[in-house]
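Before any comments, here is the structure.
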Amino acid sequence: MVSPKMEEALNKQINEEFYSAYLYLSMAGYFAEKNLMGFFNWLFVQYHEELSHAEKIYKYLIERGGKVNLMAIKQPDYNWKDPKEAFASVLNHEKYITSRINELMDLAETEKDRATMSLLQWYINEQVEEEANAQAILAKLEMIGDQPAGLLMIDRELAQRK
Ligand code: OFO
């Protein structure tokens, strides 16, 4: 069994992961509107990844005899000044998620809940990758400045993500 406190915190994290999915789905729409379909592809794949993050905690809660309590998902942004601003917000959001996961780990440690610590270690590792991916794309966008040719090159690259 997970403690009531841990159950509540994990339910909140399910909501955060669904919000992440929603945010990236919204951003995918923003890029589709600009005909940047490589960016769209990258974000659509990311949307599915976030759904799987939510599902992993959901299934874990059930396995541990916890109660699932799904909450309303807040409305994500749907407009950004330019691709650079969009990816800066991806990076910021991932940093925020990392801080949430770290807080969850602190709670699991306090409660000596080793099974939840093991689950959360997976998310800690995942966050290293998620932040690095967003950072790498943002760095490229910063490098190209306002050059459309550079943007199309990144778009082609992001179209490869599966
Ligand atoms: Fe983007 O890692 Fe989950 O939220």
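Here S52, S3 are screened, and the one residue that is at negative phi, of a type in the set (S, T, Y) and without any contact (Cβ under 8 Å) to a residue 24 or more places away in the chain is S52. Taking segment 1-49 as the range and being farther than 24 Å from L70 by Cα and charged (D, E, K, R) as the test, the residues that pass are E33, K34. Taking segment 47-162 and the helices (runs of 4 or more DSSP H) fully enclosed by it, the elements with 2 or more residues that are within 17 Å of I14 (Cβ to Cβ) and not hydroxyl-bearing (S, T, Y) are at 83-110, 114-144.
Only a single criterion out of (1) in contact (Cβ under 8 Å) with a residue 12 or more places away in the chain; (2) within 21 Å of I154 (Cα to Cα) is not satisfied by N35, namely (1). Among the conditions (1) in contact (Cβ under 8 Å) with a residue 60 or more places away in the chain; (2) open to solvent by 90 Å² or more (accessible area, probe 1.4 Å); (3) in contact with an Asp or Glu (Cβ under 8 Å, 6 or more places away or on another chain), the only one that R100 does not satisfy is (2).
Evaluated against (1) within 16 Å of the ligand (Cβ to nearest atom); (2) outside any helix (DSSP H, G or I), V2 falls short on exactly one condition, (1). From the list A72, A115, A108, the lone residue that is more than 16 Å from the ligand (Cβ to nearest atom) and open to solvent by less than 30 Å² (accessible area, probe 1.4 Å) is A108.
Scanning segment 36-52 for residues that are of a type in the set (D, E) and open to solvent by 10 Å² or more (accessible area, probe 1.4 Å) gives a single hit, E49.
The values are calculated or read from the model by the stated rules, or taken from the named source; none is laboratory data. Remember, it's a predicted structure, so these values are computed and weren't measured experimentally. Because the Cβ atoms are built from the backbone with ideal geometry, glycine has one as well, and the counts that use them run over all protein chains shown. Each accessible area value is taken on the protein alone, full model and side chains, heavy atoms only, with ligands, DNA and RNA left out. Shrake-Rupley method; radii C 1.70, N 1.55, O 1.52, S 1.80 Å.
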